[in-house]
1. Inspect all residues belonging to segment 3-18 and state whether any of them is touching a residue at least 12 places away in the same chain (Cβ under 8 Å), under 30 Å from ILE162 (Cβ atoms) and surrounded by fewer than 12 Cβ atoms within 10 Å (Cβ to Cβ).
2. Mind listing whichever residues of segment 170-182 are more than 14 Å from VAL141 (Cβ to Cβ) and surrounded by fewer than 12 Cβ atoms within 10 Å (Cβ to Cβ)?
3. Starting from residues that are among the aromatic types (Phe, Trp, Tyr) and closer than 16 Å to VAL47 by Cβ, keep the ones in segment 1-36 and report whichever is modelled with the lowest pLDDT.
4. So PRO86 fits all but one of (1) crowded, with 18+ Cβ neighbours inside 10 Å; (2) in contact (Cβ under 8 Å) with a residue 40 or more places away in the chain; (3) under 19 Å from ILE8 (Cβ atoms); (4) of a type outside the set (Asp, Glu); what number is the exception?
5. So which residues in segment 109-131 are touching an Asp or Glu at 6+ places or on another chain (Cβ under 6 Å), over 22 Å from MET62 (Cβ atoms) and not hydrophobic (A, V, I, L, M, F, W, C), if there are any at all?
6. In segment 51-61, which residue that is within 12 Å of the chain's Cα centre (by Cα) and among the small types (Gly, Ala, Ser) is nearest to ARG124 (Cα to Cα)?
7. Could you check segment 1-47 and list, in sequence order, the residues that are of a type in the set (Lys, Arg), over 23 Å from ASP119 (Cα atoms) and in a loop (DSSP other than H, G, I, E, B)?
8. Among the residues of segment 52-82, how many are part of a strand (DSSP E or B) and in contact with a Cys (Cβ under 8 Å, 6 or more places away or on another chain)?
Amino acid sequence: MDGYLYAIGGHDGITAMNTVERYDPKMNMWSKQVPMLTRRTRAVAAVLEGHLYVIGGNDGDMALSSVERYNPVDGTWSICAHMLCPRENAGCTIYLGHIYVAGGKDELNLKLCSAERFDPDTMRWSPVKRMRSKRDSMSLVVFNGALLAVGGSDGVTNLKTIEIYSHETNTWRHFGSMKSKHPGGRVVVLC
């Protein structure tokens, strides 16, 4: 965000962390920033309209539905509307001006096929049609203008399948399969 790299939260082996560090490539230096309001590990993050959103995760005891937003101009964190469902290890991306979050696992450690999106105009979450498969530790990416849910685990097996979301019909359909399963792996789009 703004030419900086942010490292947010995590786990130190004992507890979830709320620490935030920022890397300045011009100075080749990391610096501590104002900590998050909530300790989080296994959260997802997205940058939308100049703000950094940190979403869900686990506070060391249970999955979270809480969301907080960082304003880099004044260095403050604020609480946003909670997601509709607690989730950690979810997939997250920006698509059509909204934050989309899908999959992961809930506070009962159940794998999720649910998805939701955040509208920055209303500051509210709304449900999106459920994916066809439960997907924990999945990737959610935009590729060639389409929203893709890639891989993950359904709780029984690691998945190599990919689903594509249609915004117009609010439906997911099978898009294809990778050659191999990538348990715990991530997908990235190179621009």
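The values are calculated or read from the model by the stated rules, or taken from the named source; none is laboratory data. Not measured: the values here are computed from a predicted model. Reconstructed Cβ throughout: ideal geometry from the backbone, glycine too, with neighbour counts over all protein chains shown.
1. Yes: one or more hits.
2. ASN170, ARG173, HIS174, LYS179, SER180
3. TYR4
4. So PRO86 meets the others, but not (2).
5. PRO120
6. Step one: of segment 51-61, the residues within 12 Å of the chain's Cα centre (by Cα) are 52-57.
Going one step further and asking which of them are among the small types (Gly, Ala, Ser), we end up with 56-57.
On the way: GLY56: 15, GLY57: 18 Å.
By that ranking, first place goes to GLY56.
7. Within segment 1-47, the first condition is being of a type in the set (Lys, Arg), and the residues that meet it are 22, 26, 32, 39-40, 42.
Restricting the remaining residues to those that are over 23 Å from ASP119 (Cα atoms) gives 22, 26, 32, 39.
Of everything in segment 1-47, those that are of a type in the set (Lys, Arg), over 23 Å from ASP119 (Cα atoms) and in a loop (DSSP other than H, G, I, E, B) turn out to be LYS26, ARG39.
8. 5
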